[in-house]
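Single-structure report; data block below.
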Amino acid sequence: MSNAAYYSLLNNGALTGDVIGAVVATPTIAVTGATLTCTRDTHAGRTITINAAAGCAVTLPNATGTGSVYRFFIGTTITSNSTTIKVNNATDVMSGRAYVISDNSAAVLGYATAASSDTITFDGTTTGGYAGDIVEITDAIAGTYLVQVHTKATGTEATPFSATVS
C-alpha cells in the first residue's frame, strides 16, 4: 500500500503528523577490480561487495561529518596481495574497533584504532579478509571516520589498523 493510500485510510485523506518515508532498495555494488574510489553519491548508504581475490585498494572520500555510511562485504576470500580501505588525505583518521574471530581456541580478539589510524588492511590471513567479513564506516565528524570491522583471522592474528596515508 502506498503512503498516500495509507494516510487516506488513516486520516480520511488529511496528512497529519510525520510523513512516513518510502523505503527504497538500492542494489549492492560489486567490485572485482584492483581499485575503487568511493564517492558519497554512488557508494554511501549501499553495500559494496569486494570480490577481488587478488586484493583491492579502496579510497574513501574526505571525512566531512555528513553521517554517510559505507558498508563493505568481503565476498571472495583474499588469496594474494591485500585489500586496503584508506582515507583520502593525510589529515583524516579512523576511530573504532575490529572484532576478530581467531582460529586459536575459538577466541574473539579485539583491536582498537590508534590516534593516527587511517587504513584498514586485510591480507587473507592474520588481519582478516575472508568471505563474509564486514566493515562499516561512518563519516562521523569532519576529519574522522567511525569504523567497525567484523572479521576472521588465522595464524598470528594482528590488528588490521595502521597509518599509511601521508
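The values are calculated or read from the model by the stated rules, or taken from the named source; none is laboratory data. No experiment lies behind these values; they were computed from the predicted model shown. All Cβ positions, even for glycine, are placed from backbone atoms using ideal geometry, and neighbour counts span all protein chains on display. To get the accessible areas, we keep the full protein, side chains included, count just its heavy atoms, and leave off ligands, DNA and RNA. Shrake-Rupley method; radii C 1.70, N 1.55, O 1.52, S 1.80 Å.
So here's what we get for this one:
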| read-out | value |
| --- | --- |
| Tyr130 vs. criteria of a type in the set (Phe, Trp, Tyr) and open to solvent by 40 Å² or more (accessible area, probe 1.4 Å) | no |
| Matching entry among Ile50, Ile74 (being crowded, with 22+ Cβ neighbours inside 10 Å and either in contact with a Cys (Cβ under 6 Å, 6 or more places away or on another chain) or hydroxyl-bearing (Ser, Thr, Tyr) (or both)) | Ile50 |
| Residue in segment 24-41 that is loosely packed, with under 15 Cβ neighbours inside 10 Å, among the hydroxyl-bearing types (Ser, Thr, Tyr), at pLDDT below 95 and in a loop (DSSP other than H, G, I, E, B) present | yes |
| Test for Ser117: is it open to solvent by less than 30 Å² (accessible area, probe 1.4 Å) and in contact with a helix residue (DSSP H, G or I) (Cβ under 8 Å, 6 or more places away or on another chain) | no |
| Where a residue in segment 49-65 is on the phi > 0 side of the Ramachandran plot and its partner, wherever it lies, is in a loop (DSSP other than H, G, I, E, B) and of a type in the set (D, E, K, R), with Cβ under 9 Å and at least six apart | Gly55/Asp123 |
